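Right, one structure below, let's go through it.
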Amino acid sequence: MQEPSLIPINEINFDRIEAQGIRLNMARADQIHDLASGNKIYKLRPIIEFAKANNFKQILSFGGAYSNHIHALALLAQQHNIESVAIIRGEAKYAENPTLSDAQDAGMTLEFVCREEYKQRNNQDYLAQLQKRFPLALIIPEGGSSQLAIKGCAQMAKDINQGSSNSFESNTLAIASGTGATAAGLVCGLADNQRLIAYSVLKDESLKSRIDDFISVENSTHHDHYEIQNADFGGYAKFDKPLLDFILSWLDQTGILLDPIYTSKLCRRVIQQIEAGEFLKGQSITLIHSGGLQGWRGMQQRVEKLSGESAWMTINSYLKTNKTSITR
């Protein structure tokens, strides 16, 4: 399977942190692969390798109508000649959106279910029924969050460190966290002198126990090298004008577009903490851009409603200019 290239590291200059004595860098995992941006290639690569090695003909997973995971899975599965199936939360009309159109163009089979059925996605009886219907499929959780994904994300931390020059070495890595799999993998791949801060974008009290469970299976010696900070800003997928204003300001000052669900909330929270003096002067922090930019394609109306047509034109211009996993 094609390996992702080393992750480039950008130094971040942002006017709200200049006087705080903090060194801020960004690991551009959004730039490493033309199909699966950010952490998705690291999570999915070992899963696809396992499926092919064990003669599975399909990979089946779960996601919402604009899921970055589903988008990446469809494109990577096509590249490696394995079929893909997705159980999608919502109505069949969503099949026409850009994310799922890309997935179908890549040969993915979509099955739409109601929210009540989707809630059963981790229920063993429900999964057994799906396995009977799709006997040739490797079934993986929503987001690809499995023990195989942990091994892939451990490599992500190593690639970030290998891609860093001495001037960019960081004692702290920071990632936006949903299911916790990427965070757990990163912890396992940290250098001995590093820590990870996982910024939770969901109100999820079970996140720590889930990360701990993932790490324990890997027998990592770094199980205490991380902490969790809240960055939900009112709830998962909540998108308002203050967040959009921050995203546009970040883009203007750094030239980097953040996604609206994960990395934007990570960066906004870190900047707030720096301004509040919550980090020691001289600390070096590397923020991990976990991709997800394709999700912007379904947000034109929300952006224009919040900040006008010019705001959307700015975002859309970046998407068209910086084609990574946005188009094939």
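The values are calculated or read from the model by the stated rules, or taken from the named source; none is laboratory data. Being a predicted model, the structure only gives us computed values, none of them experimental. Don't worry about glycine lacking a Cβ; one is built from the backbone with ideal geometry, like all the others, and counts go over all protein chains shown. These accessible areas exclude ligands, DNA and RNA; they are computed on the full protein's heavy atoms, side chains included. Shrake-Rupley method; radii C 1.70, N 1.55, O 1.52, S 1.80 Å.
Please give the per residue accessible area of the chain, computed with a probe of 1.4 Å over protein heavy atoms only, in Å².
Per residue, the chain has 44 Å² of solvent-accessible surface.
If R0 is 41 Å, what FRET efficiency do you get for Glu11 and Asp240 from their C-beta distance, rounded to 0.05?
Step by step, r from the Cβ atoms, then E = 0.90.
Hey, got a sec? Which trypsin sites (Lys or Arg not before Pro) in the range 141-250 land in a DSSP loop and have at most 12 other Cβ atoms within 10 Å?
For trypsin sites (Lys or Arg not before Pro) across the range 141-250 that sit outside H, G, I, E and B with at most 12 neighbouring Cβ atoms in 10 Å, the list reads Lys203.
Taking H placed 1.01 Å from N in the peptide plane, check which residues at least 5 places from Ser84 or on another chain put their amide H under 5 Å from its amide H.
Excluding prolines and chain starts, which carry no amide H, the hits are Ile59, Thr109.
Amide H to amide H, which residues 5 or more places from Tyr226 or on other chains are under 5 Å from it, using H placed in the peptide plane?
Leu196
As a check on your grasp of the helix formula, calculate [θ] at 222 nm for the chain: sum -39500 (n - 2.57) over DSSP H runs of n ≥ 4, divide by the residue count, round to the nearest 500.
For the chain, the value works out to -12500 deg cm²/dmol.
Compute the angle between helix 68-79 and the longest alpha-carbon principal axis of the chain, please, reported from 0 to 90 degrees and rounded to the nearest 10.
60
Could you check the simple spin-label distance between Asp252 and Val217, using points 7 Å along Cα→Cβ, in nm with one decimal?
4.5
If the elastic network links every pair of Cα atoms under 10 Å, which of Gln294, Gln31, Gln129 fluctuates the most in the Gaussian network model of the chain?
Gln129
Report the residue, chosen from Glu116, Glu11, Glu227, that carries the largest GNM mean-square fluctuation when the chain is represented by alpha-carbon nodes joined by springs under 10 Å.
Maximum fluctuation in the GNM of the chain, among the listed residues, is at Glu116.
Give the aspartates and glutamates whose C-alpha is closer than 14 Å to that of Lys281, dropping any in the same chain fewer than 8 places away, or say none.
Glu18
Search the structure for amide H atoms under 5 Å from the amide H of Tyr236, placed 1.01 Å from N in the peptide plane, and list their residues when 5 or more places away or on another chain.
It is Lys203, by chain and number.
FRET efficiency for Gln129 and Asn54, Cβ-Cβ distance as r, R0 = 35 Å, nearest 0.05?
0.95
Tell me which of Leu319, Leu257, Val270 sits at the most positive position along the dipole axis of the range 194-328, charges placed on C-beta atoms (Lys, Arg +1; Asp, Glu -1).
Final value for the positive-end residue is Leu319.
Work out, step by step, the length gained on full extension between Lys208 and Ala92: first 0.36 nm times the residue separation, then minus their alpha carbon distance; give nm to one decimal.
Going from the current span to full extension adds 38.3 nm.
Among 219-226, 242-249, how do they line up by average Cβ neighbours within 10 Å per residue, starting with the highest?
Ranking the peptides 219-226, 242-249 by packing returns 242-249, 219-226.
Given q = 0.08, 0.10, 0.15, 0.16 Å⁻¹, what are the Debye log10 I(q)/I(0) values for the chain, with equal point scatterers placed on the Cα positions and solvent ignored?
-0.35, -0.56, -1.31, -1.49
When the accessible area of the chain is computed with all protein chains present and a 1.4 Å probe, what percentage of it is carbon and sulfur?
In the chain, the share of accessible area belonging to carbon and sulfur is 46 percent.
Given the peptides 50-58, 181-189, 265-273, arrange them by the average over their residues of other C-beta atoms within 10 Å, most packed first.
181-189, 265-273, 50-58
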